[in-house]
Each structure stands twice: as structure tokens, then as C-alpha cells.
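Novice: My questions all concern the structure below.
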Amino acid sequence: MIRNVTDRTIRSLIALEHSASTARVLNLVATHRRLAGDETLEAQPFFQNKLLNHGMVVKHRVRPHEQEQFYRPVTTVTKILAPIDGNDLRFGARYLMMGQKDFDEAAEAMFGDLLKPGAHDRQVLDLIEDLPSLDPFLLKEHLRRNGVEPARGYFAITDADIARMYEFVRNEVMALVTLSSGPNAGGLAASKLVDKLLSNSVDDSFEPLKATLRLSDKDYQDGVFCWRGFLYYKWVLAELKPQLGAVLAELSAIRARGPNTPDTSRYLPEAKDRLQAAVTKTVDTVNEMLGVYDKAYASLTQEGQPTGFRDFLLSAPAMFMALGEQTGSVQHIVSFWRYRFPPRKPAMISPEELMDIFMDFEDSLVFSHDGMEEPVAAVLNVA
């Protein structure tokens with residue numbers, strides 16, 4: 001069944017349309033508006049269906065009342081939003097959620113044959129569904145690894161971001177360079193290793209490591225892709241940390257302007273406390289999972305024991321989804337808050353809009369719902 005967004009969601013939709021992309025949103029509406037006239041967007045579209053290619057894709061936290069739309073309980077799904085009027089989002093949008101009971105019929109009704117199973121756009125959506133978040137670098141690499149290469153403009157990645165991420169990964173893998181090439185290996189060797197690790201040819205280039213770890217082709221390919229992901233999320237968290245403290249302080253101190261309703265009066269004070277606790281707990285859990293990687297990498301490079309790193313590569317795919325969801329939630333909160341409340345500018349917002357933002361943040365956080373801690377703990381125990 002195709003559904004229309006609610007009034008509250010329309011307000012959030014308009015805010016997202018004007019904001020920068022976050023880890024939860026692939027904003028093709030904003031891309032086409034920002035890069036109007038860019039011929040590469042037409043030559044290398046993200047989706048072949050024009051309506052889909054001018055819409056939004058969101059990693060959506062499934063709310064309790066939405067669970068009945070699925071055959072089994074789910075926590076996060078890929079939500080497709082097709083604006084009714086691409087020039088004015090106040091008219092709202094129709095939406096579908098990947099995996100909903102009537103998805104094939106509803107997708108064909110909205111987008112035609114290009115979303116049938118096996119069709120190009122369906123394959124791209126299936127690849128997106130495989131990822132825990134929509135971080136542009138990770139999304140770009142995942143699609144490229146599977147033979148899909150939309151124009152670069154669809155990914156909000158600056159050259160400065162790429163340079164910082166490469167430098168971070170180069171420093172991270174220096175110990176492996178020293179192990180494989182000797183103590184005199186320098187930055188050039190590290191740069192070559194980073195290029196191999198982040199390229200499509202990584203599987204061929206790392207053949208000696210695969211042999212040392214005694215892994216099958218599939219286990220090795222899946223593990224190395226998730227290793228990339230762990231390095232990327234470690235970089236993301238390092239980039240977020242300087243901003244996170246300030247954002248949480250502002251979130252706690254903000255005062256909405258205008259008359260409160262009974263709902264906003266009751267919700268806002270309690271939501272501030274819940275968000276502070278949930279963000280802190282989520283960051284702690286992300287650090288725990290990254291610690292699993294750090295320990296395994298140290299056992300390989302410092303102790304010469306490959307078993308721990310082999311175990312990490314085997315367990316990484318199970319941890320990858322939880323790590324991506326939680327890092328993406330924190331990334332979304334920081335990036336959206338910074339868009340909505342730029343530094344050194346007065347925070348002007350109504351109680352109703354602030355409640356919408358807080359509810360969106362709570363929806364996005366893994367630990368904002370009961371029963372989410374046990375699966376994460378189970379994942380951590382894998383290593």
C-alpha cells in the first residue's frame with residue numbers, strides 16, 4: 001500500500017530537503033536543485049526512474065504502530081519518499097518501506113517496471129538496504145563494488161573529507177605496513193596500502209593476507225569490506241567528537257520560543273534527559289565495537305598473532321550493521337543540529353518544531369527503544 005506522509009512528517013521533510021545530507025538521508029531532491037544543469041547527473045543517474053531519481057531515500061526507525069506492515073519484527077528499514085510536487089514539499093510525498101508486506105505491488109504501481117525484482121533500480125535499492133546507514137563514502141564504495149557508479153555529485157563528499165579520511169586510514173594501517181614491509185617502510189608504502197584497501201582490487205592485492213588468515217574467498221571479501229567500514233566509522237566518530245559535546249550542551253540548554261501545548265510541556269523536558277543518556281550510551285557502545293577491532297588489529301600487528309584478526313574478519317559482518325546504525329544515528333543528530341542551529345546564531349524555534357526534532361532524534365537512536373541492548377551485547381560477544 002502506498003501511503004502519504006503526515007503533517008508532522010511534512011515539516012521534517014521540508015527541513016531535510018534544505019539541509020545537508022546526513023547518514024540517514026539520501027537527498028536526491030536537494031542534489032538536483034543544488035546541481036541544476038549538471039549533465040553528469042543525467043548521464044549517470046542514481047536511479048533510472050525519474051520520479052525515484054528526484055526523491056529521497058531514508059534509513060527509517062520503524063515505530064511500534066508500523067510493525068504490522070511487516071511479516072516479521074524489524075528495527076530499521078529503507079524508506080522511499082516520492083514528493084507529490086518536487087518544487088514544493090509542502091504538498092507532501094508518497095512513501096514505501098522496503099520489506100513491507102505489499103512492497104512489490106505498491107512499488108510497481110508507483111514506479112513501474114523499473115522496481116520489479118531483478119530490475120536495475122530494484123537492485124540499487126537492494127544494495128542500499130544491505131547497508132546500515134547512508135554515509136556517502138560507504139554508500140559510494142558499496143555501489144561501486146557491485147558495479148553501480150552514479151555521478152559523483154549524488155554523494156556529498158568533499159575533496160577535503162576524502163583527504164582527511166585517507167590520512168586517518170594511512171595512520172591506522174602503518175603498523176600493518178611495518179609488519180609486512182619492515183621497520184623502514186615509510187609513508188609511501190602506507191599510502192599504497194590505503195589505496196589497495198579502499199579500492200575495488202583489494203581482494204587481489206591482499207592475497208598474502210588472505211592466505212595467512214586461511215579464509216575462503218567469500219569470508220575474506222565480506223570481512224575486508226566490513227574492515228573498510230570499521231575504519232570509516234572510526235574516522236567518522238573521531239570527526240564527530242569535537243562537535244558532539246557542544247551539540248549535547250546546546251540540546252540541553254535550548255529554550256523554545258512561543259506558547260507551549262500540553263504535549264510540548266510534558267514531552268520536551270523529559271526528552272532532553274532521554275536524548276543525553278541515549279547519545280552517551282550509543283557512543284559508548286560504538287567505542288566498544290571499535291575496541292573489538294582495535295584489539296584484533298593489535299594482536300596481528302604487535303603480537304604477531306593472526307588468529308584474533310581472522311576472528312574479527314569473520315565476525316565483522318555481524319557487527320557491521322549495529323555499528324553503522326549507531327554511528328549513523330549520532331552522525332545524523334550532530335549534522336542536522338548544526339544545520340538547524342549554526343554556531344554563534346540565536347536558536348529560534350517553536351516548541352512544536354523542537355518536539356518534532358527531538359522525536360526524530362529519538363526515533364533514530366538505537367537505544368531509544370526497549371529491548372535493543374541484548375542484540376548489541378550478543379554481537380559484541382561474538383569477538
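Please treat every number below as a calculation from the coordinates, not as lab data. Bear in mind the structure is a predicted one, so any value in this text is a computation, not a measurement. Glycine also receives a Cβ, built like all others from the backbone with ideal geometry; neighbour counts cover every protein chain displayed.
Novice: Grab the beta carbon distance between R152 and K241, set R0 = 22 Å, and tell me the FRET efficiency rounded to 0.05.
Specialist: Approximately 0.20, to the nearest 0.05.
Novice: Hey, another quick one. Kindly state, to the nearest 0.05, the FRET efficiency for R144 paired with R266, given R0 = 56 Å and r defined as their beta-carbon distance.
Specialist: Rounded to the nearest 0.05, the efficiency is 0.70.
Novice: Rounded to the nearest 0.05, what FRET efficiency do R340 and E39 have when you use their Cβ-Cβ distance and R0 = 30 Å?
Specialist: Rounded to the nearest 0.05, the efficiency is 0.35.
Novice: Between I162 and D284, with labels modelled 7 Å along Cα→Cβ, what's the label distance in nm to one decimal, could you check?
Specialist: 3.9
Novice: Rank these for me by crowding, T75, T307, going from fewest to most other beta carbons within 10 Å.
Specialist: Taking fewest neighbouring Cβ atoms as first place, the list is T307, T75.
Novice: Here's something else I'd like to know. Give me the extension gain from N171 to K50: residue separation times 0.36 nm, minus the current Cα-Cα distance, reported in nm with one decimal.
Specialist: My answer for the length gained is 39.3 nm.
Novice: Is there a pair in K116/K295; K218/K295; K140/K241; K116/K272 whose C-alpha atoms are over 32 Å apart, and which pairs would that be?
Specialist: K116/K295; K116/K272
Novice: Sort S252, S329, S335, S133 so the one with the fewest other Cβ atoms within 10 Å of its own Cβ comes first.
Specialist: S252, S335, S133, S329
Novice: Would you please put 43-51, 116-124, 339-347 in order of how densely packed they are, using the mean number of other Cβ atoms within 10 angstrom per residue and starting with the highest?
Specialist: 43-51, 116-124, 339-347
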